[in-house]
Amino acid sequence: MQVNPYLTFNGDCELAFKFYQQWLGGKITAMMTHAGTPMEAHTSSEWRAKILHARMEVGDTVLMGSDAPPDHYEQPKGFSVSLVLDNVGEAERIFFALAEGGSVRMAIQETFWAARFGMLVDKFAIPWMINCDRPVRSAIHWVGALCASAAVDGRMHAKVGICRRRAAGAARSQELRRR
């Protein structure tokens, strides 16, 4: 199962998706207008060039959208498209690009849960949350910290030797998982 956001726009879906493709590094895989489809007969001539369905792949996720007819458009509310990154520079780059011409709800900053987090509504009225996870400490650090706290009863040397072997094993396991 996959959960994918489907965004509605006030006539600027094509522009929005090209903007997102540029700044999110996605790939637009579908951009269908009303013209040339069975919907053309039910669409005003000025609306036929508007987007009936758009699809963009971003990493291993999909973002979809369309233009809502003017009498059916409602400004998005009650949700945010959440981007989770692992690079502070990339999080800030995307945040500032999406914020251009929009409104910042929470400036991107370090928080107690994230290396960076920020909220904004872009110039297409789409709400976003940018979250950059904190780096996970290495297995060596955690095993070393646990061993150091356990080695307080006078048998320091024996415990440190055991802990070094555990840390080395944890490091090998971590390296194998990366491959």
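Every residue, every condition in (1) out of contact with any Cys (no Cβ under 7 Å at 6 or more places or on another chain); (2) in the same structural domain as Asn10 (by TED's automatic domain parsing); (3) surrounded by 14 or more Cβ atoms within 10 Å (Cβ to Cβ), yes or no:
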residue: Met39; (1), (2), (3): yes, yes, yes
residue: Thr43; (1), (2), (3): yes, yes, yes
residue: Leu52; (1), (2), (3): yes, yes, yes
residue: Asp60; (1), (2), (3): yes, yes, no
residue: Leu63; (1), (2), (3): yes, yes, yes
residue: Asp67; (1), (2), (3): no, yes, yes
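Rundown of residues vs (1) in contact (Cβ under 8 Å) with a residue 24 or more places away in the chain; (2) among the small types (Gly, Ala, Ser), yes/no style:
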{"site": "Asn10", "(1), (2)": "yes, no"}
{"site": "Lys18", "(1), (2)": "no, no"}
{"site": "Ala30", "(1), (2)": "yes, yes"}
{"site": "Pro38", "(1), (2)": "no, no"}
{"site": "His42", "(1), (2)": "no, no"}
{"site": "Met56", "(1), (2)": "yes, no"}
{"site": "Val62", "(1), (2)": "yes, no"}
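Can you report the number of residues in the range 3-22 which are within 16 Å of the chain's Cα centre (by Cα), surrounded by 15 or more Cβ atoms within 10 Å (Cβ to Cβ) and part of a helix (DSSP H, G or I)? Matching residues across the range 3-22 total 4. Of all the residues that make up the range 12-63, how many are acidic (Asp, Glu), modelled with pLDDT under 95 and within 19 Å of Ser80 (Cα to Cα)? Qualifying residue count for the region: 1.
Among the conditions (1) in contact with a helix residue (DSSP H, G or I) (Cβ under 8 Å, 6 or more places away or on another chain); (2) surrounded by fewer than 17 Cβ atoms within 10 Å (Cβ to Cβ), the only one that Gly26 does not satisfy is (2).
For the range 69-93, the set of residues classified as surrounded by fewer than 16 Cβ atoms within 10 Å (Cβ to Cβ) and among the hydroxyl-bearing types (Ser, Thr, Tyr) consists of Tyr73, Ser82, listed by residue number.
The strands (runs of 3 or more DSSP E) falling completely within the range 36-134 that include 1 or more residues that are more than 13 Å from Leu24 (Cα to Cα) and of a type in the set (Val, Ile, Thr) map to 51-58, 103-109, 114-121.
The values are calculated or read from the model by the stated rules, or taken from the named source; none is laboratory data. These figures come from a predicted structure and were not determined experimentally. Cβ coordinates were reconstructed from backbone atoms using ideal geometry, including for glycine residues, and neighbour counts include every protein chain displayed.
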